[in-house]
Amino acid sequence: MAQPGTPSPSLTNAREAMHFNFPREWAALLGLVLVDALWLSGSWLILPSPWASLTFLLLLINAKLLYYGLLEADFDTIRPYFLRFKKHWACPFFMGAEFIALSFGAVRAFVILSYLACTLSYPLIDQSLNHLDQLLGFDWQHWFKWSLQRPVYIPLFIAYGSLSLQYVGLAVGFACFLRKNRIQELFWAMAMGLLLTIIVSAFLPALGPASLIHWSPADLPIIQAHFGKSMADVTTIQSHKNLDIIFHKTTGIITFPSFHTVCAIVFMVAFRRTGLLGYCMFFFNIAMLVAIPVLGNHYLADMAAGIIIALISLALAQFCLSRTGEGEKVRRSRQPRRSRS
């Protein structure tokens with residue numbers, strides 16, 4: 001029986017269910033959703049409601065309430081397992097689950113922002129970017145066709161498509177070891193990188209090198225399968241026509257700068273001090289960088305801009321964490337451990 005003046009188990013569990021590991025990050029997501037909602041209310045473009053990005057937060061709260069409710073239930077057969085889970089795994093599990101829910105919501109909100117930014121309809125800069133590639137001696141069409149006909153295509157394709165898997169893997173790994181500061185660093189670096197990428201692409205839009213090539217009827221289906229959706233979305237919005245957006249089928253409409261390049265650089269930093277895995281992922285992300293211009297329909301200038309944005313984003317992430325008192329923890333985690341004499 002609870003003593004007088006002490007909260008009941010139900011009240012305590014409810015408070016634990018409403019505890020969040022990333023309140024500032026949720027606040028930032030709420031601000032982004034507000035920007036999307038205000039912009040969308042005055043735009044001619046019809047998009048899904050940005051408020052749906054917060055449904056992941058509601059799902060998380062309901063899952064935690066269900067878990068703590070089961071802890072109080074009088075189920076003798078399963079109660080010991082729940083208590084053991086609470087003792088050893090509840091904290092890392094809910095930290096990882098919260099971060100993944102936060103990330104899903106942020107991705108949805110940023111996708112909406114990228115489509116809204118495209119409605120500014122600034123002139124395409126493909127000719128200028130293509131001219132830079134020609135000065136550097138980079139023939140995108142040649143290397144694209146070459147990669148399709150070589151065994152190297154499969155590992156490059158896997159590396160290029162590993163963005164989401166690497167992100168989730170980092171989140172789960174850091175959560176298992178309760179490295180909250182590293183999770184926050186990853187979130188802010190990715191969020192700042194995506195925000196800067198959207199801003200730059202809004203004023204300097206491009207379709208990619210595939211849009212400047214007159215393809216033969218035999219090659220056209222291949223190009224449509226790889227890049228047709230993203231190029232069609234940009235041209236449709238720039239012509240002030242609406243389009244149906246299915247989120248799980250979106251491929252990204254940003255060419256300049258390359259967000260894949262931003263991710264590759266951020267992941268290299270994020271995998272630091274992870275031993276052999278870190279070295280493996282470093283070379284894996286090098287493979288992603290090699291694949292980006294060819295398989296991602298990017299100019300070399302896209303990658304150069306992406307590297308600059310990645311460095312700025314990492315610096316901004318450190319600044320954000322230093323303002324919240326987490327920056328020193330991140331810096332200490334980078335220092336090598338001293339062996340005890």
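Take the conditions (1) surrounded by fewer than 16 Cβ atoms within 10 Å (Cβ to Cβ); (2) touching an Asp or Glu at 6+ places or on another chain (Cβ under 8 Å); (3) at pLDDT 90 or above; Ile286 misses just one of them, which is (2).
Of everything in region 237-257 that is within 23 Å of Pro293 (Cα to Cα) and surrounded by fewer than 21 Cβ atoms within 10 Å (Cβ to Cβ), the residue that is modelled with the lowest pLDDT is Lys249.
Here is a yes/no grid of residues against (1) in a helix (DSSP H, G or I); (2) in contact with a His (Cβ under 7 Å, 6 or more places away or on another chain); (3) of a type outside the set (D, E, K, R); (4) at pLDDT below 60:
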| residue | (1), (2), (3), (4) |
| --- | --- |
| Leu11 | yes, no, yes, yes |
| Arg15 | yes, no, no, yes |
| Ala28 | yes, no, yes, no |
| Leu58 | yes, no, yes, no |
| Ala63 | yes, no, yes, no |
| Lys87 | yes, no, no, no |
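For the structure I just gave you, tell me whether Ile292 is crowded, with 21+ Cβ neighbours inside 10 Å and within 20 Å of Ile253 (Cα to Cα). Criteria met by Ile292. Of everything in region 125-141 that is part of a loop (DSSP other than H, G, I, E, B) and free of Cβ contacts under 8 Å to residues at least 24 places away in the same chain, the residue that is least open to solvent (accessible area, probe 1.4 Å) is Gly137. Assess whether Trp39 counts as being under 16 Å from Asn242 (Cβ atoms) and assigned to a helix (DSSP H, G or I). It is true that Trp39 is under 16 Å from Asn242 (Cβ atoms) and assigned to a helix (DSSP H, G or I).
The values are calculated or read from the model by the stated rules, or taken from the named source; none is laboratory data. The structure presented is a predicted model; accordingly, all values stated were derived computationally and were not measured. Backbone-built Cβ (ideal geometry, glycine too); neighbour counts: all protein chains shown. Side chains are part of the model used for accessible areas, which takes the heavy atoms of the whole protein and leaves out ligands, DNA and RNA. Shrake-Rupley method; radii C 1.70, N 1.55, O 1.52, S 1.80 Å.
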